[in-house]
Structure formats: structure tokens, C-alpha cells
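Read the structure below first, then the notes.
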């Protein structure tokens, strides 16, 4: 099992001004790889700019190294914008292309409601614990 901790600082990278995160805002991303499963624990806002770019890089790296099942722990993700939504869907799409899937763990009420309003929550398997999600991946 490999545990990596990444600390992200948000920057203004081509996003509309309305969606810019507060200056100095940061998000932490823990990456745990075991077998064919990669668990990503996101702590903070998944918004346009550095947080989404780092999340995308993390799951793409995991997929490229054979971790085709993504467990996305959103328990500490209070907010996501349209870029964050797109990134979650991209993780599901890319993992499905290589024979895996992406599962959500305990998304916050805001994240759940947002994905449901967009008609996207039903695309994901949602689990109460990381252990349940990993077990559902066969790991």
C-alpha cells in the first residue's frame, strides 16, 4: 500500500471570476494505492483551478499505473463547482474505459444534492465507508 499526501494551493487558471476560490484556499488530497484500487481522500473544495487539476492528475496517474478502481472519499469536501463535477464524471468515464469504475464515499450533503440536481448521482455507486467501497471493488 502506498500513501501519498498532496497539498494544493488554489490559483486563478482561466476560470471565470465568479468561480475563483478565495485566495490562500487550499485542499488536501491523500492517495492510497493497494492492488488495483486507488483511494483518493479529498479534503477541501473541488473547484476550478489547481484543486481540479491536481485531482485529475492524481486519478489519471492511478489509472495509468493499473489502479483501475477509484474510491473517491468526499466526506470532507464541502463544495464543488461545475469543474469539480466534470472532474468526477471524467474519473468515472476514464476508469470505466479501462475496465474499472469510480465509487463515491460518504459525499457531503451539498455534493450529493448538487450531483442529484444535475442528474449525475445515479451514475456512481455511493458507499458509507471506504471499506465498503474497496470491498465492492473486489479489494
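Read-outs: derived from the displayed coordinates by stated rules, not from any lab. Since this is a predicted model, take the numbers as computed values, not measurements. All Cβ positions, even for glycine, are placed from backbone atoms using ideal geometry, and neighbour counts span all protein chains on display.
Annotations
- Calculated FRET efficiency for the pair residue 118/residue 36, C-beta based, R₀ 30 Å, to 0.05: 0.55
- The stretch between residue 28 and residue 110 holds 27.7 nm of extra length on full extension. This uses 0.36 nm per residue minus the Cα-Cα distance.
- Distances between every pair of Cα atoms in the stretch 30-139, grouped in 5 Å steps from 0 to the bin holding the largest one, split as 2, 14, 26, 28, 20, 8, 1 percent.
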